[in-house]
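In what follows, a structure is listed as structure tokens, so that the remarks can point back to it.
The values are calculated or read from the model by the stated rules, or taken from the named source; none is laboratory data. Treat the numbers as computed from the prediction; the structure is a model and nothing was measured. Cβ sites come from the backbone with ideal geometry, for glycine too, and all protein chains shown count toward neighbours. Remember, those area values only see protein heavy atoms, side chains included, never the ligands or the DNA or RNA. Shrake-Rupley method; radii C 1.70, N 1.55, O 1.52, S 1.80 Å.
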Amino acid sequence: MPYDVVIVGGGHNGLVCACYLAGAGLKVRVLERRALVGGAAVTEEFAPAFRNSTAAYTVSLLNPKVIRELRLAEHGLKIVERPFANFLPLPDRRCFRLGPTTADTQKELSRFSRRDAERLPDYYRTIEEAADTLRGLVLETPPNLGMSWRSGLRALALGGKLALLSRRSQRDLWEIVTKSAGELLDWWFESDPIKAVFGFDSQVGHFASPYSPGSAYVLLHHAFGEVNGKRGTWGHALGGMGAVSEAIAREACARGVEITTGAEVLAVRVKGGRVSGVVLRDGTEIEAGAIAGAVNPKLLYLKMLEPGVLDAEFRSRIERWRCASGSFRMNVALSELPDFTCAPGKSAQPHHSSGIIIAPSLTYMERAYFDARTVGFSREPIIEMLIPSTVDPSLAPAGRHVASLFCQHFDPVLPGGRSWDDAREAAADAIVETVNRHAPNFKASILARKILSPLDLEREFGLIGGDIFHGALTLDQLFSARPVLGYADYRSPVPGLYLCGAGAHPGGGVTGAPGHNAAREILRDFRRQRRAR
């Protein structure tokens, strides 16, 4: 018997979409290529007795509506906050701590600039107001500008919401969306440490200089989240990021979703101008009334559809879809905690449980980017290190630890025709040496490491170009233009084919929002079809 909907890709967005569809009474099957569900949000053993989040590594953007409606806490998901947001070792053997409260940060910041400490509350207010606007759009379906009267009404409603903002808030929002993070932060602050900790968010998954126009939006994109009801905070999922996906999968199964792992979809079948099912690598054909792709748009439209199915103009746009987040991911097993020169000690301290950022200035970040453009990867990369075993001892043997290293900038296309298979170890060594300059015991403490270059991220998780967001978060690839103008409403040029992954609005991060929103549109179409019959 055919399924109502087959979902291609069992990442967290595909699972969220499946939950909402099955909850509305549809017969749904999820097909996942890997041996476990979760996509990039998984926890795996990478060395004997050492487990960690393999790719996605921290929680904030997961939508509270999704958490609540899919009963994720009841399914075992527990998120603990960082003791403070970020810890920044500095070259002069000082350090900077961000949080946990504004007052704490002001006190810390006053050591570097009293002016910056005084301006900090106004900066937070500006970012929070802009983030509030973004929160209001995350679960909206973007209007397909100029396509239909419904889209026109949606655009008018959106304009009405923005018109309710004060003139100052409108101007602030426009500035943040269009400017570079560097320009924004240079106006607000004068000291390097505060600009670095805020500027880091503009570099996460964004292969560009912090002075590239639009990078301030990427900073804002990472500011609309929350943990346990506290806005703007980040946390650790106990059990690793796989705990998020596993909780969603439990709810999916409770709603009757059929989940199949080890099932690689090679093709989406189209008959009579409409999708009819999928074909797996082993030759199995599965019929379905609709297909939702929780994969990169390039995979769905260019690899899984026969070339003649899409019109040439749409296909050309997808071919130009930019995928390059410049990310390099590594997990390490440690015999002991890093002993930072600026904060000595191998016993667990609050900074060990925070986001440890190695990138002391915007100038450092820009140099890392131009290094990557010139020689392929930054010789002194931007690094965020988390050590989740400090709050979750289940991840490592007693007295040992695991650390996640999420690094920028690493060009997915190396110069001179070199392959990442040949460069990955040298790049990983550069990361280790960079950390070791701040924590001299780090290199010697490494017992094992799991490396994911941009090419590895593509092969393992289908992240084209190693892009963690399924497409760059640049102004030409956001909201009504994600992935293509005219198809921002999760539908595609092929009737019955939908996009429910991070390549759709609101983009990347472990949010669940694309899956939630796509399910709403799929259900609307099913209801229209039933009325028509």
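Residues in the chain average 39 Å² of solvent-accessible surface per residue, probe 1.4 Å, ligands and nucleic acids excluded. Its residues counted as N, the chain yields a C-alpha radius of gyration over 2.2 N^0.38 Å of 0.95.
Using heavy atoms of the protein chains and a probe of 1.4 Å, the accessible area assigned to R82 is about 30 Å². Distance between the 7 Å Cα→Cβ label points at R418 and S110: 4.8 nm. Where Lys and Arg each count +1 and Asp and Glu each count -1, what net charge lies around E264 among other residues with Cβ under 10 Å from its Cβ? So the surrounding residues net to +1. Each peptide among 224-230, 88-94 gets the average number of other Cβ atoms lying within 10 Å of its residues, and from highest to lowest they stand as 224-230, 88-94. Here the extension length gained between N228 and T102 equals 43.5 nm, from 0.36 nm per residue of separation less the Cα-Cα distance.
Reducing segment 460-533 and segment 322-399 to their Cα centroids gives an inter-centroid distance of 32 Å. Computed per residue of the chain from DSSP H runs no shorter than four, each worth -39500 (n - 2.57), the mean residue ellipticity at 222 nm is -11000 deg cm²/dmol. Net charge dipole, segment 299-442: roughly 120 debye, given to the nearest 20, about the Cα centre with Cβ charges of +1 for Lys and Arg and -1 for Asp and Glu. Counting only Cα atoms, segment 1-96 measures 67, 32, 22 Å along its principal axes, largest extent leading. Axis angle, to the nearest 10 degrees, between helix 192-203 and the longest C-alpha principal axis of the chain: 20 degrees.
Computing FRET efficiency as 1/(1 + (r/R0)^6) for V80 and I446, where r is the C-beta to C-beta distance and R0 is 25 Å, gives about 0.50. Sequence-ordered 3J(HN,Hα) estimates for segment 37-49 from the Karplus curve with 6.51, -1.76 and 1.60 and θ = phi - 60° stand at 7, x, x, 7, 9, 9, 10, 9, 6, 10, 8, x, 6 Hz, glycine and proline given as x. Taking amide H as placed 1.01 Å from N in the peptide plane, the amide H of A292 sits under 5 Å from that of V6, I7, V8, Y498, each at least 5 places away or on another chain. Going down the list K78/K450; K107/K179; K65/K230; K65/K179; K78/K107, which pairs span over 20 Å between their C-alpha atoms? In this structure, K78/K450; K107/K179; K65/K179; K78/K107 exceed 20 Å between Cα atoms. The residue list M330, Q529, G225 was ranked by how far each Cα lies along the charge dipole of the chain toward its positive end, using unit charges on Cβ atoms, and Q529 comes out on top.
Database remark: amide H of H409 closer than 5 angstrom to the amide H of S378, I382 (H placed geometrically; neighbours at sequence offset of 5 or more, or on other chains; Pro and chain starts carry no H). Expressed as a whole percent, the accessible area of the chain that falls on carbon and sulfur atoms is 52 (1.4 Å probe).
In the chain, if the dipole is taken from +1 on Lys/Arg beta carbons and -1 on Asp/Glu beta carbons about the Cα centre, which of V435, P495, G136 is farthest to the positive end? Farthest towards the positive end: P495.
Each of A47, Y3, L61 was placed along the dipole of segment 1-141 (beta-carbon charges, centred on the mean Cα), and the one lying farthest toward the positive end is A47. Our coupling estimate for segment 509-522, obtained by passing each phi through the Karplus curve with A = 6.51, B = -1.76, C = 1.60 and θ = phi - 60°, is x, 7, 10, x, 5, x, x, 4, 5, 4, 4, 4, 6, 4 Hz, Gly and Pro reported as x.
Going by accessible surface with a 1.4 Å probe and the largest first, V375, V265 read V375, V265.
Once the Cα atoms of helix 114-138 and of the chain are each reduced to a long axis, what angle between those two axes, in degrees from 0 to 90 to the nearest 10, is obtained? Here the helix axis deviates by roughly 10 degrees.
Relative to the longest principal axis of the Cα atoms of the chain, the long axis of helix 362-375 lies at roughly 60 degrees. Between E183 and E45, the simple label model (points 7 Å from Cα in the Cβ direction) yields a spacing of 5.2 nm. Bridgeable lysines around K271 (alpha carbons under 20 Å apart, same-chain partners fewer than 8 residues away excluded): K303. Extension gain for E285-R167 works out to 36.9 nm (0.36 nm per residue, less the C-alpha to C-alpha distance).
Each other residue within a Cβ distance under 14 Å of A117 adds +1 if Lys or Arg and -1 if Asp or Glu, for a net charge of +1.
The residues packed around D172, meaning those with a beta-carbon under 15 Å from its beta-carbon, carry a net charge of 0 if Lys and Arg are +1 and Asp and Glu are -1.
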